[in-house]
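Below you'll find the structure, written out as structure tokens, and then a few comments.
The values are calculated or read from the model by the stated rules, or taken from the named source; none is laboratory data. Predicted model, so just to flag it, every value in this text is computed and none were measured. Using ideal geometry, Cβ is built from the backbone for each residue, glycine included, and neighbour counts are taken over all protein chains shown. Ligands, DNA and RNA are excluded from the accessible area calculation, which covers all protein heavy atoms including side chains. Shrake-Rupley method; radii C 1.70, N 1.55, O 1.52, S 1.80 Å.
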Amino acid sequence: MTATVERGGAEIGKARLRKEDAHLITGRSRYTDNMVLPGMLHLAMVRSPYAHAKITAIDVSAAKASPGVFAVLTGADVADEQGSLPNAWPVTPDQKAPNHPAIAVEEVAFSGEIVAVVIARSVAAARDAVELVDVDYEELAVVMDLEEALTDNVLAHTTLASNKSATWVFDSAEAGTGSSIADALLNSDVVVERTLYQQRLIPAFMEPRSTVVDPTGEQITMWSATQIPHILRLMLALTLGIPESKVRVIAPDVGGGFGGKLQVTPEEVITVLAARRMGKPCKFTETRSESLQVGHHGRAQVQRLKISATKEGIVTGLDVNLLADMGAYLGLITSGIPVLGAFMYNSIYKFPAYRFECNNIFTNKPWTDAYRGAGRPEATFAIERMMDELATELNMDPLELREKNWIKHSEFPFTTVAGLEYDTGNYEAATAKAVEMFDYQGLRAEQKRRRDAKETVQLGIGVSTFTEMCGLAPSRVLGSLNYAAGGWEHAQVRVLPTGNVEVVTGSSAHGQGHETAWSQLVADRLGVPFENVEVLHGDTQVSQRGLDTYGSRSLTVGGMAVLAAADKVIEKAKVIAAHLMEANEDDLEFASGAFTVKGTEHSTSFGEIAFAVFSAHNMPEGVEPNLDSEATFDPVNFSYPHGTHLAAMEVDTETGAVSVLKYVCVDDIGVVVNPMLVEGQVHGGLAQGIAQALYEEAVYDDAGTLVSGSFVDYLVPSAPDLPHYITARTTTPATSNQLGAKGVGEAGTIASTPAIVNGVLDAIRHLGVKDVKMPCTPSRVWHALQEAKTVEGVQ
Amino acid sequence: MASSKTITVDVDGVTYTDDVEPRLLLVQYLRERLGKTGTLIGCDTTNCGACTVHLDGVSVKSCTMFAVQADGHQVTTIEGMAQNGKLAPLQEAFHQCHALQCGFCTPGMIMQSASLLKENPHPTETEIRDGLEGNLCRCTGYQNIVAAVKSVADGVQYNDSGISANVDLVEDQRAGVS
Ligand code: FES
Ligand code: FES
């Protein structure tokens, strides 16, 4: 698709300071937990201490009698009303899933699962009473390990016959997108085989989840710290059997999400149930420990990989066999995460044969779901680690190997072995820029020097190239993958009587800066001042249609809807302007917020047209007196941002300590609306990707208890733990949308994890270390070094 | 019910006298009793710093103190930072340097940064990073926060007209931190 684009406006590309900041820097924020309603009651959850148990009895009498307690509800009390929490992505027709009640009724399947809720006049009263609820459990065996779960020796749910939820397969030979992987593995010069681990991660948004439900009045109104007010409203309606029109969901200020607030939580459902029972507003805010324990987690996969190549380093095929940990239940899109990843294992490379198989497995842990990048970081990690392993095997520079295999700039558009059509890309340009900024040759020389001198602190260079699919998603593609919803986005543009403009977007932000970016888009298109544009979002009563914010879709899908709506406003205004000016429509030009009769000074401004429409004294025949329009945009293709990240890693071979000496990334995200916002997204993404490589992991003991259950043990990095990032961009505009934008939210996370781990291994591979599992903590690195020494000693 | 105690605290320039339960945390007192919801709660283990306020001019995590311990003291919250409608230099710098995204860590970051600069008016990047160790941010990756603090330390003046000129300045500032 080649649309002619007017990118002449002054706003696109400008580093506008954020409209969102004013109230956030002065402490006038509206996070859900700040909300107080008259007569509001507070909830606290009674949670299972066991990862797997039968509930044999619950005695709530002491809790009920506790001061300030209004009610205590168990699963049995709400059995008829609570339905089953939704899974919107049945990846295969025969996918297995347990019933998923918000409050467990008979069996709990992970530690922290809710067994009762206390409703009281204060948080303190509710929490005190939680201690008084007496639950009898009959402990059951737990299954925590994926390989073990596969044997079905212990079942995560006694109600299921197997721990396997689904098996999803893509085979390039069968799909007609490539050749047979079996042949490739048999007939190639080299086959490298590895098993890699994606540890369980916790999204760890800084604002704990919070929900307030007001059941008074005609509608149920919910404020929630959610990324998905629209989807949440629909799912609540379906889960609880309430007409959609009777539910309004508001996402006020939301303190981060990263996929972690892309869910219908049991706590949200329970707060609705409680508020309905009590006929009063109810609030639930989780503690951080609860957030870590029971909020959904990300990643958690075992990747068994084989890559084949010629001895010259031309890759011939990739075989991926994945065990994906679902946890105990299927959340909203749990089962779809590994499937999304399936399309990205070939990354920027062109090889002929590809097979992907994932087995979705239940264990006695909280369910997994989207976390920054959702499936694509896992895929990129796998292929980038395998490219390094292959380079080692062939004794080749890792960049040279990549260059031999990537899709050349001249080869776009390119249909990949996974069946995607990449519209544009220029891997040569991004890599060349990164190599130069990094001083690749200089650092290689320094690496050699330190190796030769056998220095204690060794240097490693981590390479990672990547692409991802953004702009989720063409609805027909989601349909072909069995996802329940479409991938469109909706927007309205409304011109007020003063000529100021209101933009309503279905894509609800939680820190990304939509208000600023959308103001720029509309100011650019309509020629009105940036300050005169107001952006409204995050309230299903205000933005009636939407599919919310995830998957770097905001600008590439939501922004396109805004532009399309603005264009419709211009079309309509033109008719009115022609009428007012007694001119022919064809003689009018629109620029800088005014219509001018070509070749004359005769013009009428947006403001004048707006007021004429408002007064409606003199409208053209048959034209409605409003200057509002709406548009729904369904993308025709994904967009494919890409980039090259290079990390210089120092590893202390005596202590195992790892640090980032230099980090350079060059991202190509197409046309940029606000470079300042882009830079912020990249920085935040890098921090989360580096955190997976070096710091974070959800750790469980054998009984299924989360050991890293607070910020004391779950190491979200702070300022001194992270490096100064050196960032730059190349620009290859996307052709799949009018603006040429590609999406940036996940880029940093996707590319940085393999760059860092490749760098760590590059520093110590010559000492015999073959792999270090993530996170590469000093103790893991030290042990790997010790083991390598032992092995060498034996030889 | 535990017995309550009467406390008198100056918060953002206003004196409050209240009966509080001994177990009430300072952050709860500020948020729930005084409606000062600018101070936020991000954890229950004193790790995140979202709740940072000043007690007699020095930063403290208000989730780590009981309200009764503030009796007779002066507390400043994020809501007391702007004076006469004018943002404090750090507030302006956070805005100019794009040092916030979701904004949840921001009040705590600003309060901690103010305390840091009071102790060490000209910190290096490493000193700023170390000084912010007790404050977690999940959105920004810290670089722009460090830049914001540095810009105040370096005396960068932000004027509130002429935004485009400022942006160049800030881009230099952001690029310049190393
Ligand atoms: S809420 Fe006080 S440190 Fe986290
Ligand atoms: S801006 Fe979101 S946590 Fe810092």
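By a 1.4 Å probe calculation restricted to protein chains, B:VAL68 has an accessible surface near 40 Å², given to the nearest 10. For the protein assembly as shown, the solvent-accessible area with a 1.4 angstrom probe is 35 square angstrom per residue. Result for chain B in a Gaussian network model with C-alpha springs under 10 Å: among B:VAL146, B:VAL156, B:VAL60, the largest mean-square fluctuation is at B:VAL156.
Atom-type composition of the exposed protein surface of the stretch A:488-633 places 47 percent of the accessible area on carbon and sulfur (1.4 angstrom probe). Taking the average, over residues, of other Cβ atoms within 10 Å as the packing measure, peptides A:423-433, A:179-189, A:634-644 rank A:634-644, A:423-433, A:179-189 from highest down.
If both residues of a DSSP beta bridge must be in the stretch A:407-555, then about 65% of such bridges are antiparallel.
In straight Cα distance, which aspartates and glutamates are under 15 Å from A:LYS598, not counting same-chain residues fewer than 8 positions off? Answer for A:LYS598, where 15 Å is the Cα cut-off: A:GLU582, A:GLU585, A:ASP586, A:ASP587, A:GLU589, listed by chain and number. Simple spin-label estimate for A:ALA57 and B:GLU125 gives 6.5 nm between the two label positions (7 Å along the Cα-to-Cβ direction from each Cα). The 3J(HN,Hα) values that the Karplus relation (6.51, -1.76, 1.60; θ = phi - 60°) gives for the stretch B:124-141 are, in residue order, 7, 4, 4, 5, 5, 4, 5, x, 9, 4, x, 10, 8, 10, 9, 9, 8, x Hz. Gly and Pro appear as x.
In terms of packing, defined here as the mean over residues of other Cβ atoms within 10 angstrom, the peptides A:117-127, A:155-165 line up highest first as A:117-127, A:155-165. Rounded to whole numbers, the Karplus 3J(HN,Hα) couplings from phi for the stretch A:751-768 are 7, 6, 4, x, 4, 5, 5, 4, x, 4, 5, 4, 6, 10, 4, 5, 8, x Hz, using 6.51 cos²θ - 1.76 cosθ + 1.60 with θ = phi - 60°, and x at Gly and Pro.
From its DSSP helices (H runs of at least four residues, each -39,500 (n - 2.57)), chain A gives a residue-normalised ellipticity at 222 nm of -9000 deg cm²/dmol. For peptide A:704-712, the mean count of partner chain Cβ atoms within 10 Å of a residue's Cβ comes to 2.
Straight-line reach from A:LYS246: which aspartates and glutamates have a Cα under 13 Å away, not including same-chain ones fewer than 8 places off? Hits, sequence-local ones excluded: A:ASP214, A:GLU218. Would any residue of the stretch A:336-378 have its amide N under 14 Å from a label point 7 Å out along Cα→Cβ of A:ASN187? List them or say none. Of the residues in the stretch A:336-378, A:352-354 have backbone N under 14 Å from the label point off A:ASN187.
Dipole magnitude for the stretch B:5-80: about 180 debye, using +1 per Lys or Arg Cβ and -1 per Asp or Glu Cβ, origin at the Cα centre. Chain B and chain A together bury an accessible surface of about 4400 square angstrom, both sides counted, with a 1.4 Å probe and no ligands or nucleic acids included. Spherically averaged projected area of the convex hull of Cα atoms, the stretch A:488-633: 8.7 nm². Given +1 at the Cβ of Lys and Arg, -1 at the Cβ of Asp and Glu and no other charges, the dipole of the protein assembly as shown around its Cα centre is 360 debye to the nearest 20. Along the Cα-to-C-beta direction of A:ARG28, a point sits 7 Å from the Cα; which residues of the stretch B:23-59 have their amide N less than 17 Å from that point? It comes to B:35-39, nothing else. Between A:ALA166 and A:LYS96, A:ASN360, the built amide H atoms are under 5 Å apart, and every one of these is 5 or more places off in sequence or on another chain. Note on the stretch B:5-80: Cα-only Rg and Dmax are 11.0, 30 Å. Have a look at B:ILE145, B:LEU100, B:LEU90 and report the one farthest towards the positive end of the charge dipole of the stretch B:89-164, computed about the Cα centre with Cβ charges (Lys/Arg +1, Asp/Glu -1). Of B:ILE145, B:LEU100, B:LEU90, it is B:LEU100. Extension gain, A:ASP397 to A:LYS311: 0.36 nm times the residue separation minus the Cα-Cα distance gives 29.6 nm.
Relative contact order, whole percent, for the stretch A:468-611 stands at 27, derived from Cα pairs under 8 Å and 6 or more residues apart.
In the stretch A:488-633, the DSSP beta bridges split such that about 80 percent are antiparallel, to the nearest 5. Evaluating 6.51 cos²θ - 1.76 cosθ + 1.60 at θ = phi - 60° for every residue in the stretch A:45-52, the Karplus couplings come out as 9, 8, 10, 5, x, 9, 7, 7 Hz, glycine and proline recorded as x. Each 20 Å bin, from zero up to the one with the longest distance, holds this percent of the alpha carbon pairs of chain A: 16, 46, 31, 7, 0.
The alpha-carbon of B:LYS5 sits under 29 angstrom from the alpha-carbons of these lysines, leaving out residues fewer than 8 places away in its chain: A:LYS64, A:LYS283, B:LYS36, B:LYS61.
When only Cα pairs below 8 angstrom with a gap of at least 6 residues are kept, the stretch B:5-80 shows a relative contact order of 40 percent. Taking amide H atoms as placed 1.01 Å from N in the peptide plane, the amide H of A:GLY255 lies under 5 Å from those of A:GLU207, each 5 or more residues away in sequence or on another chain.
Note on B:92-99: average number of Cβ atoms from other chains within 10 Å of each residue's Cβ is 4. Residues B:THR6, A:THR556, A:THR653 ordered from highest to lowest accessible area at a 1.4 Å probe: B:THR6, A:THR653, A:THR556.
Between the C-alpha center of the stretch A:595-628 and that of the stretch A:172-201 there is a gap of 62 Å.
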